[in-house]
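The values are calculated or read from the model by the stated rules, or taken from the named source; none is laboratory data. What you are looking at is a predicted structure, and each value in this text was computed from that prediction instead of being measured. Reconstructed Cβ throughout: ideal geometry from the backbone, glycine too, with neighbour counts over all protein chains shown.
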Amino acid sequence: MREKRNVDICMIGGGIYGLVTAYHLAKVGRDVLVIDRGPYGMEASRSNAGSIAIQNKALNMLAETVKAAYRWGNLSEELGFDVGYERRGGFRVASSEGDVEMLRSRIPIQRKAGVPVELVEEKVIRKEAPYLSTEVLAAGYCHLDGKADPFKAVLAYAKAFERLNGKILTHAPVKRLKSEGKQVAVETPSVSILANKVVNTAGAWAGLVSAMMGVPLPVMWALNMATITEPGPEIIPHIVTHCHGNLTVKQAKGRIIIGGAWRGDGDPFTGRQQVNLTNIRGNLSWACTMIPAIKGFRVLRSWSGFQGQSPDRVFMMGELPPYDGRFYIMAAGSGGFGLAPIIGEQMAEWIHKGSVTENITDNFKLFDVRRYCPDESRKAADMM
Amino acid sequence: MSSHSDVIVVGAGLVGMFAAMELANQGIQVGLIDSGSPPELLDGLTAEILLFREHCPGGLEGMRVKSREILLGFIEKQTAGMRAESFAELQLVVAPADVEAAKTDADRRHRRGVPVEYLSEVELRKLDSGVSPEVMGALLYRDITAVDSEALYRALIKACESDRRISKCWGVKVLGINVKNGRAVGLRSSIGPLQAGQILLASGIGTMGVFASTGVQMPPMPEKTYRLVSQSIDSGPDRIVTEYILPGSFAYRSDAKEDSGFYVRLSACVRKGQQTSVGEAREFVVVDNNGSSDRAARDAISRHFAARMPGYEDLVFDNLISRFNCFIPDGLPIVGPAPNVEALFFALYQRDCRSMIGPALGNLAARTMIARKTLEGMEELSPERFPQSAPGGRKKSFGE
């Protein structure tokens, strides 16, 4: 006989979004259970390279990104546990004339959205960041760019949540979602949960869980990879990203951490995942080209993790049909790790109030999941 | 199988086999691989009838018509044991709100020459007393082309195996795609590297685990489909009974989802002296889910069947068949070149109880590969409809 549990709110997916939202809901006194298919926070939340960079984020999410950068600064204090955040200042480098043009065209838009970013010429780069290759022609510099420790951040939110009597249930993949009167039954192999509200924070699996909820959303997924080296001399005091978006580099305790969204092998539906060596080589060769001094570092390990993404790269958040206060989603944006503290909190506020639709503010309209819900797309599918 | 082919087709399903045959017809050396063996490919096809009709919600009429054409052309060339049948189909109108729409629909199609009529409650009961009194009416189509799934697969496998331009390799698991300078050059497989000028991924949900490292992103997801099959019946009207679906509505609307958690549809093909498949239940699950939902699925289908067709209560259910399908959230097939990676092509669609577009899709995939680009008018089916841009707003190059 399966164990039965009754909760107010059940978060499906214990990644950073599930945990942030759960933490803020627990803080206002809600009874929250977070369930995860494996150990919590194992995929996108822990496998990303920990950049809290602003310059490499989508232009339509800049306002939130800046807010998040300030938030990260106080997060360890707020949660009472260290999240490993350091504000380092970041260079977004350009290595061709075309790249420089792209940087130049983006900077006014970024500045208009309140991002303190400036274009730095070659001369200044040689002086401020002598470790960068002579191939770097210019760079955008933003003093708010920083980095966090994804492992610590996930753990900090989980601990802070548990301190508020929140419960996390691991190794509980959802098998089925059923209506039970005004509640929702969440069935897992070991436990059957009866919840008033269900929040889909399942990352790469968010499409599948939304389909179980009755609204199959187009969630795309990818296997993100990152690499860490053995410790060596401290040479990179900043965050470095390339404006092509395929490189992030930072150094923590002497170790170089290299990311840039190069893809691994596998799929979330069988759960198989594997680092792809060809792509790791591509990632590292970009890193060595931009920062030649790291050639002497030895790679310690590379890893991968599943992440979800909406087709337009903007978050999917809000309430799902039939809009009766039971089904919510918070998933699948680009640069999600850095934005988690504020977007997760916003989501928690809406869930607490009950209705997203009535409370959604203008700056979040863009994120509203209703843009993918069938009522709208049904017309598009009608080609008869 | 030699380690180099002009084209490798991954997946020996309907799409893969029709694509391989079309490519071979154009004089191309094709390698056809599948993770299963022919007996495994035939597994789970008992009492499955594939419908080839052109009037279906969800559009794609051209593709449906073409599918039937290709199918009939294929059957004509077969020497033994393979034929297309003509069935009458009853589409039950269950929701009172759908009655007017169904009438208009029947009328419109009738005027276009489709042999269809709307049956009122009384006429329906006269035709089939086994249907529930709660059903509001029905659309009766007099001539639906249908074919036995198992016989078709058998014939297709035989046709592919006897074609010298197609080299077959069964039991091969594909692990990944090798990309060089933005171009797919071959596969990593359980029997070692396989090189090819072009690659077609037509292995349904199995495809999803193959292309991740190329950086291509797509939203299909697995759904598990259950069919409940009854024992042979002595007498029967030789008829297909399904439910009327509003034109333009998704196969999966929240109102099609039962409280049991399954999406259930009536899809019965009653044939004298034959086993009968009575309905489908679908659920979204991860692929490693073990058979623990079987009982619930069986209950959901039989309950649904009994509610729609109480007069058939003496049917004895024999067999629950399940398999994984590929579900595409926007409801359209994905066929065409992969975004960002040259020489890699996709042919995916979701199989449902509405109509079969596999043959036309395979054919279209083959023609797309020969043209090396999305064919005109097919843009809305192209994989390129899913945006692939990288964080910086630029396309990313992988595998360099």
Is it true that A:A139 is surrounded by 17 or more Cβ atoms within 10 Å (Cβ to Cβ) and assigned by TED's automatic domain parsing to the domain that holds A:A252?
yes
Exactly one of (1) small (G, A, S); (2) touching a Leu at 6+ places or on another chain (Cβ under 7 Å); (3) buried (at least 22 other Cβ atoms within 10 Å of the Cβ) is unmet by B:A84. Its number?
(3)
Please go through (1) more than 21 Å from the chain's Cα centre (by Cα); (2) outside the structural domain of A:P130 (by TED's automatic domain parsing) for A:L339 and return the number of the only condition it doesn't satisfy.
(1)
Residue pairs qualifying under the 7 Å Cβ cut-off, at least six apart or on distinct chains, with the first in segment B:248-277 being closer than 22 Å to B:A138 by Cα and facing another protein chain (nearest Cβ under 9 Å) and the second being assigned to a loop (DSSP other than H, G, I, E, B) and modelled with pLDDT of 85 or more, are B:Y252/A:P216
Between a first residue in segment B:114-128 that is touching a residue at least 60 places away in the same chain (Cβ under 8 Å) and a second residue that is among the aromatic types (F, W, Y) and assigned to a strand (DSSP E or B), which pairs have beta carbons less than 6 Å apart while being 6 or more apart in sequence or on different chains?
B:V116/B:Y141
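Within the group B:V172, B:V114, B:V131, which residue is surrounded by 13 or more Cβ atoms within 10 Å (Cβ to Cβ), in a loop (DSSP other than H, G, I, E, B) and either of a type in the set (G, A, S) or within 14 Å of chain A (Cβ to nearest Cβ) (or both)?
Working: B:V172 fails: either of a type in the set (G, A, S) or within 14 Å of chain A (Cβ to nearest Cβ) (or both); B:V131 fails: either of a type in the set (G, A, S) or within 14 Å of chain A (Cβ to nearest Cβ) (or both).
Only one candidate qualifies: B:V114.
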Could you please give the count of residues in segment B:25-48 that are at pLDDT 85 or above and crowded, with 22+ Cβ neighbours inside 10 Å?
5
Answer with yes or no whether A:S192 is surrounded by fewer than 20 Cβ atoms within 10 Å (Cβ to Cβ) and not in a loop (DSSP other than H, G, I, E, B).
yes
When the residues of segment B:295-314 are narrowed to those that are touching a helix residue (DSSP H, G or I) at 6+ places or on another chain (Cβ under 8 Å) and closer than 23 Å to B:L45 by Cβ, which ends up modelled with the highest pLDDT?
B:F305
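Select from segment A:240-251 the residues that are within 14 Å of chain B (Cβ to nearest Cβ) and not in a loop (DSSP other than H, G, I, E, B) and list them in ascending order. Break it down into steps so the answer makes sense when it comes.
Step one: filter segment A:240-251 for residues within 14 Å of chain B (Cβ to nearest Cβ), giving A:240-248.
Selection gives A:V240, A:T241, A:H242, A:T248.
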Given the conditions (1) within 20 Å of B:V116 (Cα to Cα); (2) surrounded by fewer than 22 Cβ atoms within 10 Å (Cβ to Cβ); (3) over 18 Å from the mean Cα position of the chain (by Cα); (4) not basic (K, R), and given that B:G62 satisfies all but one, which numbered condition is not satisfied?
(3)
When segment B:321-343 is examined, which residues are found to be more than 19 Å from the chain's Cα centre (by Cα) and away from every other protein chain (no Cβ under 14 Å)?
B:P337, B:E342, B:A343
Condition test on A:V198, is it surrounded by fewer than 22 Cβ atoms within 10 Å (Cβ to Cβ) and among the aliphatic types (A, V, I, L, M)?
no
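Residues B:R109, B:R83: which one is within 14 Å of chain A (Cβ to nearest Cβ) and closer than 26 Å to B:P359 by Cβ?
Numbers: B:R83 fails: within 14 Å of chain A (Cβ to nearest Cβ).
Going through B:R109, B:R83 in turn, the sole match is B:R109.
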Among residues of segment B:206-255 being modelled with pLDDT under 85 and of a type in the set (A, V, I, L, M), the residue nearest to B:V316 (Cα to Cα) is B:I233
Which ones in segment A:214-243 are surrounded by 24 or more Cβ atoms within 10 Å (Cβ to Cβ) and of a type in the set (A, V, I, L, M, F, W, C)?
A:V215, A:L217, A:V219, A:W221, A:L223, A:M225, A:A226, A:I239, A:V240, A:C243
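Tell me, please, whether a residue that is within 14 Å of chain A (Cβ to nearest Cβ) and touching a strand residue (DSSP E or B) at 6+ places or on another chain (Cβ under 6 Å) can be found in segment B:37-53. Walk me through it before giving the result.
Filtering segment B:37-53 down to residues within 14 Å of chain A (Cβ to nearest Cβ) leaves B:53.
Adding the requirement that they be touching a strand residue (DSSP E or B) at 6+ places or on another chain (Cβ under 6 Å) leaves B:53.
Checking segment B:37-53: at least one residue is within 14 Å of chain A (Cβ to nearest Cβ) and touching a strand residue (DSSP E or B) at 6+ places or on another chain (Cβ under 6 Å).
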When you scan segment A:1-120 for helices (runs of 4 or more DSSP H) that lie fully inside it, which ones turn up with 1 or more residues that are touching a Pro at 6+ places or on another chain (Cβ under 8 Å)?
A:16-27, A:44-47, A:62-79
Selection from segment B:175-190 of residues that are within 25 Å of B:C326 (Cβ to Cβ) and part of a strand (DSSP E or B)
B:L175, B:G176, B:I177, B:N178, B:V179, B:A184, B:G186, B:L187, B:R188, B:S189
With closer than 19 Å to A:G259 by Cα, buried (at least 21 other Cβ atoms within 10 Å of the Cβ) and assigned by TED's automatic domain parsing to the domain that holds A:V191 as the only criterion, which of A:G41, A:G13 stands out?
A:G41
Please identify the pairs in which a residue from segment B:281-292 that is more than 7 Å from chain A (Cβ to nearest Cβ) has its Cβ atom under 8 Å from the Cβ atom of a residue that is at pLDDT below 70, counting only partners at least 6 apart or on another chain.
B:R282/B:Y252
Which pairs do you get when a residue that is at negative phi, found in segment B:75-94, comes within reach of a residue that is surrounded by 10 or more Cβ atoms within 10 Å (Cβ to Cβ) and among the polar types (S, T, N, Q), reach meaning Cβ atoms under 7 angstrom, with the pair 6+ apart or on two chains?
B:A84/B:T145; B:S86/B:T145; B:E89/B:T242; B:Q91/B:T242
Answer from B:P222, B:P193 - the residue that is within 13 Å of another protein chain (Cβ to nearest Cβ), in a strand (DSSP E or B) and surrounded by 23 or more Cβ atoms within 10 Å (Cβ to Cβ)
B:P222
Are there helices (runs of 4 or more DSSP H) fully within segment A:252-364 with at least 2 residues that are facing chain B (nearest Cβ under 9 Å) and out of contact with any strand residue (DSSP E or B) (no Cβ under 9 Å at 6 or more places or on another chain)? List them.
A:277-290
